[in-house]
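The values are calculated or read from the model by the stated rules, or taken from the named source; none is laboratory data. Since this is a predicted model, take the numbers as computed values, not measurements. Ideal geometry is used to build each Cβ from the backbone, glycine not excepted, and the neighbour counts take in all protein chains shown.
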Amino acid sequence: MPGSSDGYSVGQYAADLLALLDGLDISQVVVCGQSLGGYIIFELFRRAPTRIRAAILCSTKAAADSAAAKRDRDVMAALAQRDGARAVAEKLVPKLLSRATLEQQPQVVKEVRAMIERAPVAGILGALRALRDRPDSTPLLGQIRVPVLVIAGDDDQIAPAAGMQEMARAIPGARFALITGAGHVAPLEQPLPLSGALGDFLTALS
């Protein structure tokens, strides 16, 4: 990958999180991962499954990138390196947000665009590399033995709801919540329905 940054990987993200938990003397947690965060949760299940009390997987996938998806990551990395974060935002925002959000929530569109534009190019390159090179977590799904909530946006172009529902079925006892009017950024697009799904799940744990 052009300009790839050593040190960025799903494994390193997971190791950093475990080090933080150790530093805070926290033995077990409920983890919630959005998109890349979901891939980090799968890595936590590989490395330290007993540290996870429950998991929430939002807008993510178990499968590794296909060859075509890997090429797309490299193309995006080249764009970031050549033209900067603003060009990445221009390309990504229409894919990240639902059609309803793009048409009816200009403030959310502006916020997501600004978040991407603020990101340093080195960070974008590193995250793209971590996404591209993540392992396939599909074989892990049937081994999960803690409560799991899978949350999908009904208009997510990146992690389509049908695939996420299939992933939920593969995890023993997992719940599935579909957020209407959301794309890949449901926490910003539809915060109230998403918070309701989270609240119901967390209440059931207590």
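Evaluate the range 101-109: report whether one residue or more is without any contact (Cβ under 8 Å) to a residue 24 or more places away in the chain and in the same structural domain as residue 58 (by TED's automatic domain parsing). For the range 101-109, residues without any contact (Cβ under 8 Å) to a residue 24 or more places away in the chain and in the same structural domain as residue 58 (by TED's automatic domain parsing): absent. Scan the range 161-177 and give yes if some residue there is under 13 Å from the mean Cα position of the chain (by Cα) and of a type in the set (A, V, I, L, M), otherwise no. Scanning the range 161-177, I find at least one residue that is under 13 Å from the mean Cα position of the chain (by Cα) and of a type in the set (A, V, I, L, M), so the answer is yes.
Among what's in the range 45-79 and is of a type in the set (A, V, I, L, M, F, W, C) and assigned to a loop (DSSP other than H, G, I, E, B), pick the residue that is surrounded by the most Cβ atoms within 10 Å (Cβ to Cβ). Top of the filtered list is 62. Residues being polar (S, T, N, Q), touching an Asp or Glu at 6+ places or on another chain (Cβ under 7 Å) and in contact (Cβ under 8 Å) with a residue 12 or more places away in the chain are entirely absent from the range 116-139. Within the range 150-166, identify whether any single residue is in the same structural domain as residue 59 (by TED's automatic domain parsing) and more than 30 Å from residue 88 (Cβ to Cβ), and answer yes or no. Looking through the range 150-166, none of the residues is in the same structural domain as residue 59 (by TED's automatic domain parsing) and more than 30 Å from residue 88 (Cβ to Cβ).
Taking the conditions exactly as written (under 23 Å from residue 136 (Cβ atoms) and at pLDDT 95 or above), does residue 75 satisfy them or not? If you could, list the steps in order and put the result at the bottom.
Details: under 23 Å from residue 136 (Cβ atoms): yes; at pLDDT 95 or above: yes.
The answer is yes for residue 75.
For every residue, the table says whether it meets (1) under 20 Å from residue 155 (Cβ atoms); (2) in contact with a helix residue (DSSP H, G or I) (Cβ under 8 Å, 6 or more places away or on another chain).
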| site | (1), (2) |
| --- | --- |
| 44 | no, yes |
| 51 | no, yes |
| 59 | yes, yes |
| 62 | no, yes |
| 67 | no, no |
| 73 | no, yes |
| 76 | no, yes |
| 80 | no, yes |
| 83 | no, no |
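Look at (1) loosely packed, with under 15 Cβ neighbours inside 10 Å; (2) within 17 Å of residue 32 (Cα to Cα); (3) at pLDDT 95 or above and you find that residue 206 fails only one, number (3).
Before we move on, is residue 75 outside the structural domain of residue 121 (by TED's automatic domain parsing) and of a type in the set (A, V, I, L, M)? Show your work before the answer.
Working: outside the structural domain of residue 121 (by TED's automatic domain parsing): no; of a type in the set (A, V, I, L, M): yes.
In short, no.
Looking only at the range 19-44, residues that are more than 19 Å from residue 131 (Cβ to Cβ) and part of a strand (DSSP E or B) come to 2 in all. Kindly indicate whether residue 109 is in contact with a strand residue (DSSP E or B) (Cβ under 9 Å, 6 or more places away or on another chain), buried (at least 16 other Cβ atoms within 10 Å of the Cβ) and either modelled with pLDDT under 95 or of a type in the set (A, V, I, L, M, F, W, C) (or both). So residue 109 does not fit the description; no. Across the range 144-163, the number of residues qualifying as without any contact (Cβ under 8 Å) to a residue 24 or more places away in the chain and either closer than 17 Å to residue 191 by Cα or of a type outside the set (A, V, I, L, M, F, W, C) (or both) comes to 1. Checking each residue in the range 104-117 for being acidic (Asp, Glu) and over 12 Å from residue 189 (Cβ atoms) picks out only 117.
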